[in-house]
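Participant: Let me begin by handing over the structure; questions about it come next.
The values are calculated or read from the model by the stated rules, or taken from the named source; none is laboratory data. Just so it is clear, the model here is predicted, and its values are computed rather than measured. Neighbour counts are summed over all protein chains in view; Cβ atoms, including those assigned to glycine, are modelled from backbone coordinates with ideal geometry. In case anyone asks, the SASA skips ligands and DNA or RNA and just uses the protein heavy atoms, side chains included. Shrake-Rupley method; radii C 1.70, N 1.55, O 1.52, S 1.80 Å.
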Amino acid sequence: LLLFRLTHMETTELGPFEIVRLVGVGGMGEVYLARDCQLNRSVAIKVLRSDGAEPHRRARFEQEARAASALSHPNICHTYHVGETPDGRRYIAMEYVQGGALRSYLGAMSLPQICGVLEDLLAGLSYAERAG
């Protein structure tokens, strides 16, 4: 993991960001909570996993970064920066939205609350679809 590698180096910095902790692991890579040292704010850093599907995965990752950075909607997180780790993996720094996985909240939510979350989610998806 990037955090493991960074903690064994002289610094836990990645460009202008200071890595705080691992938040999660997904299909394309790892997500870290970091601090933007220049603007003094929390950010999420999504780091592309390095494996055999590198060229295809890298192109898809960069397409995601370009597409997300072109969108401005309250239900879509903002992209702040795209860069590369010291070992050559691409990363996206984006708005950090505090919370957890939606599935961890669903059991405790009422039906109207679930409908409100779905409405917000669909509004963001609809906006992104209209933007192409």
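Participant: Please work out the average accessible area per residue across the chain, using the 1.4 Å probe convention, and give it in Å².
Facilitator: 63 Å²
Participant: Compute the length gained on full extension between S69 and S50: take 0.36 nm times their separation in residues and subtract their Cα-Cα distance, giving the result in nm to one decimal. Can you show the working numbers first?
Facilitator: Values: separation 19, 0.36 × 19 = 6.84 nm, distance 2.28 nm.
My answer for the length gained is 4.6 nm.
Participant: With unit charges on the beta carbons (Lys and Arg positive, Asp and Glu negative) and the dipole taken about the Cα centre of the stretch 12-107, which residue among G99, L33, H81 sits farthest to the positive side?
Facilitator: Going by the charge dipole, the pick is G99.
Participant: 7 Å from Cα along Cα→Cβ at both E95 and C37: what's the point-to-point distance in nm?
Facilitator: Result for the modelled spin labels: 2.6 nm.
Participant: Given a 1.4 angstrom probe, I'd like the percentage of the accessible area of the stretch 21-90 that is carbon and sulfur, rounded to a whole number.
Facilitator: The nonpolar share, carbon plus sulfur, comes to 50 percent.
Participant: Any idea what the dipole of the chain comes to, in debye rounded to 20, about its Cα centre with Lys/Arg Cβ at +1 and Asp/Glu Cβ at -1?
Facilitator: Numbers: 14 positive and 15 negative charges, 33 e Å.
The dipole magnitude comes to about 160 debye.
Participant: Further, regarding this structure: Around V23, which amide H atoms from residues at least 5 apart in sequence, or from another chain, sit under 5 Å from its own amide H, with H modelled in the peptide plane?
Facilitator: V31, Y32, L33
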